[in-house]
Structures are given as structure tokens and as C-alpha cells.
Amino acid sequence: MCGKTFVIITAGLLTATTALHASEDDSKEESKLPEVLVTDTEGNITWQPTAGGLNKYKIVLPRPGISQAIKYQDTSELFYLSEVFENSFVNSPSPKHWVDLSLTPASSSVKLHWPISDIFSAKIQLNYGDWAKLSYSISGSMITSATPYRYNNVGLSLGDQNELTVNGSILNIGETSEQFYAASISDIHSSRYSASYGQRNWNALGDINAAWAIGRAGGVGFASFQLERDINQILGFVRLTTKSGTSPQLDLGMRYNLSGAKNSNWRVLVSSNEDGYSALDGPSLGAHRRVNLSTLWRPIVTIDALTSAVPSELVSDKLAIN
């Protein structure tokens, strides 16, 4: 019965999130990507890529380059003509929210996040698991400190489970790796305290990332090592975990990132791991590496998006650069 209730409530939540932005999307039908491509009075376009609900870079596309791209139907050279500005991490200024759906043998959850300001975001979460059946929580989080290379976040969750969390990530010099941490305290007696710390090295083995984490959860110490590979929008991983007094455990998982959906961005995690959250499952700064800007560019800055974002006179042959 609880399982059916969870499905029904989840479906209702997702339907409600669609309705939240339906009128907004209808009013902006003529503009393909109004949230990320903004035109200034001089005809330049600003693009602020968002990943994991965070912004770091601001890219200014110059007017002459836009004209060339539209004239020749090619945006590749426009990327190299653009100016890149690096800012501190902030929550996405986009009105779009993002949804995390997690499915594991022990528990499943759906989380709806949306930004409130540059540092604040809110979240509604539904959980279904053996330890608590169906539960809910409403929470808020705040970026407590941020630079172009690191951010720290604190959150407070209230509901069937009350929890205080802190987490953060640091991009190392050269952006070849990141360090991350996560800690929480809750009123669930079986796993009241948890803390973990680790590091991820991108392209450590060709196209494969290597990551590790150590920590304590549910009163038990653990160490995990993970190999992962990102193919398009799918991240697959293999994780080996050892705990105090138990045999090593091998887990398989997949995270699917569906960005640019009409009303929201989705992240779906399916994993055989039964131990729940650790720092390995937390936010990664991988998409904020400068080397990944061109990858983010291709699906966003298209000819259709440019044509929709710029004034009509900029598209005319009279203003195009020969």
C-alpha cells in the first residue's frame, strides 16, 4: 500500500512542478532558451551555463561572431571568439528547477530543488524505504562560502526526519581533480551521524574517472573506491566498498542527467548500493571545469537558439559581416 502511495504522491509532485512553469513557458514560446541566452542592448549575447544547480562561468558572445554564425549556420568558431568570465559559485539564476530521482534496493527518493537567490535554494523530498516506509521533508540550503574553485553548502531539513547537513567541493589546481566532503546529523537513531571525505581524478585511466571516499555512517567506518565513465548524459560507475567487520561489497550504478527539458532538469540515479548517501554521491564540480565548456556549448548555443535570442535586425543580411 505504501509503495502505491509513494508512486501516486511522486506522480502528483512531478505534475505539480510541470504546472508551476506552464504559463511561464507558454509566454516565452517564441524564445527557445530565454533562461541561458540573454541579449544586451548592443547585440551581444550572454550565456551562463548551469550544472547541478550551480553557475560558475559567464560567456559573452560578440555581435560580429553571432552574425557570422547565423549567416554560415555554424556556431563552432563563435565559441573561440567569445569572452569567458569566471565567477564565484552561485545558485542558478534560471527559473527552472531540477529533480533528483534515486532508486536503490533499500530506499528510493524524489527531490525537487529550486533556486531562491544567488545563495539560497529550497527542496521538497519524498522517501520510501524499509526503515521508515513513506516519509517526507522540506528543506533549505545556503552556500556559505564560494570562490571560482570551491563552494561550501549547509542545509536544514524538517519533516519525518530532521537533519542538518554540510557539504562542499574544491577544484584542485589545473582542474584535473576535485576534493569533496559531506557530513550530517539527524534524529534517526539507526544512522544519526555520518561524515565522509574523498577525491575524484578525472580521466585518470583514459576516459575513466577514479574516485575514493572514506568515512563513517550508521556507526560503522567505511572506505569506497569507484571507477566511473561519462558517456553523453549517462554516468556509469562500479564501486567497491569495505566496512568494519564485513566483507567488501561491489556495487553498480548509473546516473542519467537530462538537461534542458521543457520545465526542469532531471538527474536519475539507479544503484545497487544499499547504504545510501556518501560524499561520492554528492554534487560534483566536474561539469564546471573549463575544459567542459565546449561540451556544454554544443546542445545549448544552436543556430535556432541564437536566432530566437537576438533582435530580428541582427539576422538581416545588411548587418551580417562579410
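Per-residue packing, averaged as other Cβ atoms within 10 Å, sorts the ranges 175-183, 216-224, 47-55 into the order 47-55, 175-183, 216-224, beginning with the highest.
Simple spin-label estimate for L205 and K133 gives 4.4 nm between the two label positions (7 Å along the Cα-to-Cβ direction from each Cα).
Its relative contact order, with pairs defined as Cα atoms under 8 Å and 6+ residues apart, puts region 97-284 at 17 percent. Overall shape: rounded for region 97-284, with the ratio a/c of the largest to smallest alpha carbon gyration tensor axis below 1.5. For region 145-253, just say rounded, prolate or oblate: build the C-alpha gyration tensor, square-root its eigenvalues into a ≥ b ≥ c, call rounded for a/c under 1.5, and beyond that prolate if a/b exceeds b/c, oblate if not. Oblate is the answer for region 145-253, as a/c is 1.5 or above yet b/c matches or exceeds a/b.
Every number here is computed from the coordinates shown, using simple stated rules; none is lab data. Quick caveat: nothing in here was measured; it's all calculated off a predicted structure. Cβ coordinates were reconstructed from backbone atoms using ideal geometry, including for glycine residues, and neighbour counts include every protein chain displayed.
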